[in-house]
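Q: Handing you a structure now.
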There are 2 protein chains.
Amino acid sequence: MELLEQRILKDGKILPGGILKVDGFLNHQIDPALAYEMALEWKRLFAGEEINKVLTIEASGIALACMAGYVFRCPLVFAKKSKSRNIADDVYAVEVESFTHGNTNTVLVSKEYLGPGDRVLLIDDFLATGAALVGLKALVEQAGGQVEGAGIAIEKAFQGGGELLRAQGLRVESLARIAEMGDDGSIRFC
Amino acid sequence: MELLEQRILKDGKILPGGILKVDGFLNHQIDPALAYEMALEWKRLFAGEEINKVLTIEASGIALACMAGYVFRCPLVFAKKSKSRNIADDVYAVEVESFTHGNTNTVLVSKEYLGPGDRVLLIDDFLATGAALVGLKALVEQAGGQVEGAGIAIEKAFQGGGELLRAQGLRVESLARIAEMGDDGSIRFC
């Protein structure tokens with residue numbers, strides 16, 4: 001998606017350790033007009049699917065998921081991160097490792113809001129190793145629902161998570177796919 | 001706002017301890033069409049103000065703030081909760097007590113995304129004791145910005161936070177104001 005790629009080139013910053021900082025428009029400060037355009041693009045890409053729910057993970061996926069839900073005319077659910085391993089009976093839960101923060105969270109969704117009738121679009125701002133998507137997919141499967149695919153803003157293709165998930169049959173639509181980030185701050189898209 | 005009050009009566013649940021559970025449409029599963037209508041209502045209420053930024057606190061304020069930013073045609077920023085008291089130089093920080101979770105968080109905004117030029121609309125899903133709004137207001141003031149007002153979904157008027165903040169001169173526009181919640185599950189709006 002040209003609009004997103006241009007914005008990454010304009011406002012993104014590469015930090016040591018393979019971190020792409022886009023918190024000026026995507027995940028601390030957010031440009032809602034861009035989020036809306038991204039949602040329209042996912043709608044175009046998944047036009048053939050009967051999606052009735054959007055699922056994301058707190059916190060930085062929520063704004064994108066809200067716009068996606070608005071455009072797909074369905075509710076969104078955000079999975080909640082919990083430090084506690086004591087899981088109540090009324091939730092689905094998985095363990096998700098965070099690449100950015102270097103820790104593991106238990107990620108929860110109430111059983112009230114995910115079930116066998118659901119055909120779910122997963123939404124997230126980043127796809128790197130794929131751990132968050134694997135976790136969200138597992139939550140939907142625990143609930144007996146069906147994952148129709150994943151809409152991602154930025155895929156760091158060089159970290160391999162996207163290819164792994166596609167090889168397992170998950171449809172992943174990333175609006176910007178980064179092939180390479182140079183130490184000189186350069187970014188090459190796929 | 002009639003639409004929100006009706007939705008609270010239809011889908012809200014009162015739990016022991018004065019908790020109003022609205023996580024079927026507001027803060028776990030979210031109805032984005034309702035969020036959009038709420039944003040339009042805040043736009044109508046704050047029509048005279050030159051708002052150039054929306055500020056909320058993670059996680060449940062983000063969806064509403066995203067829609068508000070979309071309607072006000074300005075970016076939104078979400079303040080991040082941190083367990084750590086080690087504050088970096090490049091952030092504004094305040095301590096905020098959580099009524100729901102019974103703990104205290106350090107709440108941070110990067111100095112890059114809040115500054116003297118900003119005329120800010122605060123957005124949150126709930127207003128009870130007012131601790132979150134006080135914290136967000138303090139962040140804007142640290143940055144030298146101006147708070148134009150606060151847009152709240154549900155105010156628990158009986159907890160007094162709203163009246164306190166209004167008495168201090170903050171313009172608070174709550175779309176549903178609850179005067180009383182009965183042990184029998186009844187809700188009376190102001």
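Q: So which of A:VAL91, A:VAL54 is modelled with pLDDT of 95 or more, farther than 27 Å from B:GLU112 by Cα and in contact with a Gly (Cβ under 7 Å, 6 or more places away or on another chain)?
A: Exactly one of A:VAL91, A:VAL54 is modelled with pLDDT of 95 or more, farther than 27 Å from B:GLU112 by Cα and in contact with a Gly (Cβ under 7 Å, 6 or more places away or on another chain), namely A:VAL54.
Q: Another question, then. For segment B:129-143, name all the residues that are closer than 22 Å to B:ASP23 by Cβ and assigned to a loop (DSSP other than H, G, I, E, B).
A: Within segment B:129-143, B:THR129, B:GLY130 qualify.
Q: Here's something else I'd like to know. Given A:ASP89, A:ASP11, A:ASP31, which one is of a type in the set (Asp, Glu) and facing chain B (nearest Cβ under 8 Å)?
A: When all the criteria are applied, what remains is A:ASP31.
Q: Looking at segment A:37-68 only, could you name the residues that are under 21 Å from A:GLU2 (Cα atoms) and more than 10 Å from every other protein chain (Cβ to nearest Cβ)?
A: If the condition is that a residue be under 21 Å from A:GLU2 (Cα atoms) and more than 10 Å from every other protein chain (Cβ to nearest Cβ), then A:GLU37, A:MET38, A:LEU40, A:GLU41, A:TRP42, A:LYS43, A:ARG44, A:LEU45, A:PHE46, A:ALA47 are the ones that fit.
Q: Next up: If only one of B:ILE51, B:ILE57 is on the phi < 0 side of the Ramachandran plot, surrounded by 21 or more Cβ atoms within 10 Å (Cβ to Cβ) and under 13 Å from the mean Cα position of the chain (by Cα), which one is it? Even if it seems obvious, please write down each step before you answer.
A: Values: B:ILE51 fails: under 13 Å from the mean Cα position of the chain (by Cα).
Only one candidate passes the filter, namely B:ILE57.
Q: Would you confirm, using the coordinates I've provided, whether A:VAL134 is at pLDDT 95 or above, over 11 Å from the mean Cα position of the chain (by Cα) and of a type in the set (Val, Ile, Thr)?
A: no
Q: Residue pairs, Cβ under 9 Å, 6 or more apart or interchain, first in segment B:1-12 and closer than 17 Å to B:GLN29 by Cα, second assigned to a helix (DSSP H, G or I) and at pLDDT 95 or above. List them.
A: From segment B:1-12, the pairs are B:LEU4/B:LEU34; B:LEU4/B:GLU37; B:LEU4/B:MET38; B:LEU4/B:GLU41; B:ARG7/B:LEU34.
Q: Can you name every residue in segment A:114-123 that is surrounded by fewer than 23 Cβ atoms within 10 Å (Cβ to Cβ) and in contact with a strand residue (DSSP E or B) (Cβ under 8 Å, 6 or more places away or on another chain)? Break it down stepwise before answering.
A: Residues of segment A:114-123 surrounded by fewer than 23 Cβ atoms within 10 Å (Cβ to Cβ): A:115-119.
A:ASP118, A:ARG119 - these are the residues of segment A:114-123 that are surrounded by fewer than 23 Cβ atoms within 10 Å (Cβ to Cβ) and in contact with a strand residue (DSSP E or B) (Cβ under 8 Å, 6 or more places away or on another chain).
Q: A further question on this structure: For segment A:95-113, name all the residues that are surrounded by fewer than 20 Cβ atoms within 10 Å (Cβ to Cβ), more than 12 Å from chain B (Cβ to nearest Cβ) and either farther than 24 Å from A:ALA176 by Cβ or not aromatic (Phe, Trp, Tyr) (or both).
A: Once the filter is applied, which keeps residues that are surrounded by fewer than 20 Cβ atoms within 10 Å (Cβ to Cβ), more than 12 Å from chain B (Cβ to nearest Cβ) and either farther than 24 Å from A:ALA176 by Cβ or not aromatic (Phe, Trp, Tyr) (or both), segment A:95-113 yields A:GLU95, A:GLU97, A:SER98, A:THR100, A:GLY102, A:THR104, A:THR106.
Q: Looking at A:LEU139, A:LEU108, A:LEU133, which one is in contact with a Gly (Cβ under 8 Å, 6 or more places away or on another chain) and among the hydrophobic types (A, V, I, L, M, F, W, C)? Break it down into steps so the answer makes sense when it comes.
A: Working: A:LEU139 fails: in contact with a Gly (Cβ under 8 Å, 6 or more places away or on another chain); A:LEU108 fails: in contact with a Gly (Cβ under 8 Å, 6 or more places away or on another chain).
Result of the check over A:LEU139, A:LEU108, A:LEU133: A:LEU133.
Q: Is it the case that segment A:18-29 has a residue that's touching a helix residue (DSSP H, G or I) at 6+ places or on another chain (Cβ under 6 Å), in a loop (DSSP other than H, G, I, E, B) and of a type in the set (Gly, Ala, Ser)?
A: yes
Q: Looking at segment B:133-153, which of the residues that are closer than 19 Å to B:ALA39 by Cβ and out of contact with any helix residue (DSSP H, G or I) (no Cβ under 7 Å at 6 or more places or on another chain) is surrounded by the most Cβ atoms within 10 Å (Cβ to Cβ)?
A: Per the criteria, the residue is B:ILE152.
The values are calculated or read from the model by the stated rules, or taken from the named source; none is laboratory data. Everything quoted here is computed from the prediction, not taken from an experiment. Note that we place each Cβ from the backbone using ideal geometry, even for glycine, and neighbour counts take in every protein chain shown.
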